1. Mind listing just one residue for me: the one in the range 130-158 that is buried (at least 18 other Cβ atoms within 10 Å of the Cβ) and free of Cβ contacts under 8 Å to residues at least 40 places away in the same chain and, of those, nearest to Phe87 (Cα to Cα)?
2. Ile46 - would you say it is in contact with a Phe, Trp or Tyr (Cβ under 9 Å, 6 or more places away or on another chain) and β-branched (Val, Ile, Thr)?
3. Report yes if some residue within the range 184-191 is farther than 23 Å from Ser68 by Cα, surrounded by 21 or more Cβ atoms within 10 Å (Cβ to Cβ) and not β-branched (Val, Ile, Thr); otherwise report no.
4. Scan the range 35-47 and tell me whether some residue there is buried (at least 19 other Cβ atoms within 10 Å of the Cβ), closer than 20 Å to Pro112 by Cβ and out of contact with any Gly (no Cβ under 7 Å at 6 or more places or on another chain).
5. Spot the failing condition for Ser52; the list is (1) within 15 Å of the chain's Cα centre (by Cα); (2) of a type in the set (S, T, N, Q); (3) under 25 Å from Tyr20 (Cβ atoms); (4) assigned to a loop (DSSP other than H, G, I, E, B), and only one is missed.
6. Restricting attention to the range 159-174, and to residues there that are modelled with pLDDT of 95 or more and more than 15 Å from Phe209 (Cα to Cα), which single residue is surrounded by the fewest Cβ atoms within 10 Å (Cβ to Cβ)?
7. Mind listing whichever residues of the range 126-138 are among the hydroxyl-bearing types (Ser, Thr, Tyr) and in contact with a Phe, Trp or Tyr (Cβ under 7 Å, 6 or more places away or on another chain)?
8. Please state which of the following conditions Ala150 fails to meet, knowing it meets all the rest: (1) closer than 30 Å to Asn90 by Cα; (2) under 16 Å from the mean Cα position of the chain (by Cα); (3) at pLDDT below 95.
Amino acid sequence: MHIVITGANRGIGLALTQYYLAQGHKVTAVCRQNSSALEATQAHIISNIDMSNEATLTDLTHQLQDQSIDILINNAGILHSETLHEFNSNTIEQQFQVNALAPINVTRMLLPQLHSGSKVAVITSRMGSIADNGSGGYYGYRMSKAALNAGAKSLAIDLAPQGISVAILHPGFVQTDMVGHAGDISAETAAQRLAARIENLKPENTGTFWHSNGEVLPW
């Protein structure tokens, strides 16, 4: 299989890259900035791809135009922490561009490379769940992930006639740079769980919002 993973230079994206390579699959690792850890893998690396810049996304599609994609994992994301009293419209807009719009754009632009039986995984967060929000704050991250969830659900419906399934996945609280390594599971554990959810994805459950442990999450 050919798996394409965005945000693959570190954290969950890197762990997913390493996991799928260990399974014997071909992996294209997409990132804005390469890393020594990613370089040490056997992945095909496409760097200098800025998720907030459609011109670089066009470059990505050109580099993949002759390749079929079996699994597309939209993992790239950013996190800022705005409060009501420390509000920043610029960082909120940044998060919308990278977290919400880019995964839809990447999927749309790579659609010619997908086929019946292909799977699209969108790495979101339970912080995008409105029902689950009991602590407030994180305006840009929560709003962008809620928007991503809505967009991914539409993707699932729109791509179903083509036999393409979509999983909306919360990885868990993962020990990555994004959260200062404060999580409760490793990136490697998260990758294994996410891969299991993708493995179990099928037309009958497309568009489901899952925790990586298999729990269905509320919207």
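The values are calculated or read from the model by the stated rules, or taken from the named source; none is laboratory data. As the structure is a computational prediction, the values presented were derived from the model and not from experiment. Neighbour counts are summed over all protein chains in view; Cβ atoms, including those assigned to glycine, are modelled from backbone coordinates with ideal geometry.
1. Filtering the range 130-158 for residues that are buried (at least 18 other Cβ atoms within 10 Å of the Cβ) and free of Cβ contacts under 8 Å to residues at least 40 places away in the same chain, the one nearest to Phe87 (Cα to Cα) comes out as Arg142.
2. On the way: in contact with a Phe, Trp or Tyr (Cβ under 9 Å, 6 or more places away or on another chain): no; β-branched (Val, Ile, Thr): yes.
Answer is no for this residue.
3. Filtering the range 184-191 down to residues farther than 23 Å from Ser68 by Cα leaves 184-190.
Now narrow it down to the ones that are surrounded by 21 or more Cβ atoms within 10 Å (Cβ to Cβ): 187, 190.
This time we only want the ones that are not β-branched (Val, Ile, Thr), so: 187, 190.
The answer is yes; a qualifying residue exists.
4. Filtering the range 35-47 for residues buried (at least 19 other Cβ atoms within 10 Å of the Cβ) gives 38, 43, 46.
Of the ones still in play, those that are also closer than 20 Å to Pro112 by Cβ are 46.
Now drop any that are not out of contact with any Gly (no Cβ under 7 Å at 6 or more places or on another chain), which leaves 46.
Yes: the range 35-47 contains one or more residues that are buried (at least 19 other Cβ atoms within 10 Å of the Cβ), closer than 20 Å to Pro112 by Cβ and out of contact with any Gly (no Cβ under 7 Å at 6 or more places or on another chain).
5. (3)
6. The extreme case among them is Pro161.
7. Initial filter on the range 126-138 (among the hydroxyl-bearing types (Ser, Thr, Tyr)): 129, 135, 138.
Scanning the range 126-138 gives a single hit, Ser129.
8. (3)
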